[in-house]
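The values are calculated or read from the model by the stated rules, or taken from the named source; none is laboratory data. Bear in mind that the values here come from a model prediction, so they are computed numbers and not experimental data. Don't worry about glycine lacking a Cβ; one is built from the backbone with ideal geometry, like all the others, and counts go over all protein chains shown.
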Amino acid sequence: MKLSSIVKRAGHIDQNATLLRAAVIAAHAVHVRNGVFRAVDVRFFFRLFSNWIEHDIVRPSLDIELTQVRRFFEQLRAEQRLIVSGYREFALTSTGLLDLEEKLVDECGTSF
């Protein structure tokens, strides 16, 4: 059975959830003064963190598209963990920030 492209794309998000959550938290932290961040900020931190853990050597195909970041934002927004602040600007709710941090802690010791 062949997976649909939407399932493959969602699977990419699930497979790299730890890096994606860390990237969202980092983008939030860097832009905490103005309260909003963009998908490109998240993609920057995702790539930075994946390079730090040498995913570029082990899994050179690991990358994330802005569409995948925005899809993750939609999941967070549906759970009321993220708000859209302006044109392509986002802000984590306090509940959303805590939720992402808790999930990262729960994932400690799990392999990437």
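Worth pointing out:
- Matching residues in region 69-112 - criterion: being more than 19 Å from ARG38 (Cα to Cα), among the hydrophobic types (A, V, I, L, M, F, W, C) and not in a helix (DSSP H, G or I): CYS108, PHE112
- Taken as a whole, the structure places SER50 among residues that are modelled with pLDDT under 85 and under 21 Å from CYS108 (Cα atoms).
- Figure legend. Inter-residue proximity from region 35-47: first residues within 13 Å of GLU65 (Cβ to Cβ) and without any contact (Cβ under 8 Å) to a residue 24 or more places away in the chain, second residues among the hydrophobic types (A, V, I, L, M, F, W, C) and surrounded by fewer than 17 Cβ atoms within 10 Å (Cβ to Cβ), beta-carbon distance below 8 Å, spacing 6+ or different chains. No pairs are indicated.
- Pick from region 53-84, criterion basic (Lys, Arg) and modelled with pLDDT of 80 or more, ranking: surrounded by the most Cβ atoms within 10 Å (Cβ to Cβ): ARG81
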